[in-house]
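Written out below as structure tokens is the structure these notes cover.
Read-outs: derived from the displayed coordinates by stated rules, not from any lab. Quantities reported herein were computed from a predicted structural model and do not represent experimental measurements. When we count neighbours, we look across all protein chains shown, and the Cβ atoms used for this are built from the backbone with ideal geometry, even at glycine.
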Amino acid sequence: MIVTKKHLARRTVIRGMGAVLALPLLDGMVPALTATRLTAANPVKRFGAVYTGMGMNMPLYTQDGTGPLQITPILEPVSGFKDRMTVIRGLGMKNADTSSGGTGQHSRIGACWLTGLRPKKTEGTDLQAGVSMDQILAEQLGQETQLKSLELAIETPGLLGSCEFGYTCAYTSTLAWTTPSTPLPMEVNPRLVFERLFGAGDSTDSRARLAQNARNRSILDAVTEDMSALEKKVGTGDLAKLTEYMDSVRDVERRIQRAEEQADVELPVVEKPMGIPPTFEEHAKLLFDLLALAYQTDLTRVATFMMVRELSLRTYPEIGVADPHHPLSHHQNNPEQIAKLGKLNVFHMSLFNHFLERMASTPDGDGSLLDHSLILYGSGMSDSNLHLPRSVPTIVVGGKEFGLKGGQHIRVDDMTNTQEVGIAGELGTDVPLCNLQATLIDRMGGKVEQFGDSTGRVNLLPL
């Protein structure tokens with residue numbers, strides 16, 4: 001950044017195409033000798049996980065061996081980010097495997113992807129999975145932001161009821177688990193995402209946010225008083241529930257306090273979305289845009305986005321695929337069906353590219369948002385016809401400061417790129433996906449000795 005003596009108003013906006021947008025932070029908006037904070041040597045680090053359920057057309061996605069990354073048909077939409085992208089082959093999820101029998105394949109896979117642990121079979125409220133990697137990072141990185149994390153999805157049946165052979169819908173409706181028994185709901189409505197980020201106002205204007213913070217503070221004070229009186233009247237069991245509830249209230253209080261501290265920070269002027277867009281493409285792009293905006297405004301540094309949930313019956317008429325996704329994933333090796341599945345995979349990758357372009361084009365300190373972010377993209381199975389949680393599609397995109405070489409395809413199941421042995425038995429020599437996730441936690445500055453079923457770390461910088 002070049003520090004000048006000229007100064008533009010931070011609220012300078014441009015108008016066009018029916019929208020009002022704030023200009024990016026320009027050198028001229030920073031008074032002379034005050035740019036130190038914006039050029040700090042340690043920029044904010046951000047993490048995101050994007051999930052597409054029900055596998056991929058693997059022949060159109062993968063390549064053999066460790067070496068320079070080849071742009072396959074499914075990777076073509078993100079070819080512009082080849083130098084920032086590492087594709088890893090040979091990672092598996094032993095605790096999601098059902099090859100030896102059992103049911104609930106999609107439920108196990110969905111719950112296992114970010115936790116590494118086998119979920120308990122139940123249709124009730126006695127859920128059991130594991131703490132997800134995003135929430136481990138949220139606990140360590142979320143103290144400086146209003147929201148510890150942000151959870152987004154295109155569709156979700158909710159956290160209650162049974163969705164698959166005795167497994168609760170919670171296992172296929174979220175990626176994020178803050179405790180082994182506490183799944184976090186994922187929001188599908190862009191309007192509600194906006195309100196969570198910026199309050200109930202119609203835009204990100206600072207005056208609306210200040211008024212909303214004042215209302216939230218008044219409500220919180222009233223709740224705290226009522227809870228103090230109630231705690232004196234309940235038994236031991238209810239008191240434990242109230243204590244857990246008050247922990248949530250205190251987290252809201254922390255967020256309000258953080259919002260008040262950031263009240264003078266100018267945000268890009270964005271109008272509140274009306275609701276859920278009519279097409280999948282518009283819906284996904286809008287949620288990706290809101291996620292990028294949340295990163296840009298430092299409202300959160302950790303996020304998950306379930307772009308395609310397990311068991312989804314969505315059709316894609318906008319790209320000429322009328323078959324529901326889940327039945328299509330059971331292609332029975334029919335070439336026509338496999339080709340349609342590949343078409344879906346390419347479409348989803350093109351939407352991920354929209355997000356990467358938005359991140360790469362948004363200035364952040366001495367680089368862009370993407371320069372200072374680590375994004376995990378993948379699925380919990382490879383061959384969807386067999387529900388196979390082996391050699392699962394896994395892509396890592398991020399800035400070089402995270403130690404990523406980029407432009408690499410790394411095959412870890414040959415034992416040459418991992419610090420520990422792979423899983424024996426059900427998954428042959430597949431290395432635990434959790435080995436990579438523990439590595440990413442390390443790269444984000446987190447602290448964890450072991451994560452899920454990890455046995456070591458993955459070498460992301462092959463010689």
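What to note about this one:
- A Förster radius of 25 Å combined with the Cβ-Cβ distance from ASN189 to GLU357 puts the calculated FRET efficiency at roughly 0.55.
- Pairs over the 23 Å Cα-Cα cut-off, from the set LYS45/LYS120; LYS400/LYS447; LYS94/LYS121: LYS45/LYS120.
- Cα gyration tensor, region 47-109 - rounded (a/c under 1.5), prolate or oblate: prolate
- Under 21 Å of direct C-alpha separation, and excluding same-chain neighbours fewer than eight residues apart, LYS232 reaches these lysines: LYS241.
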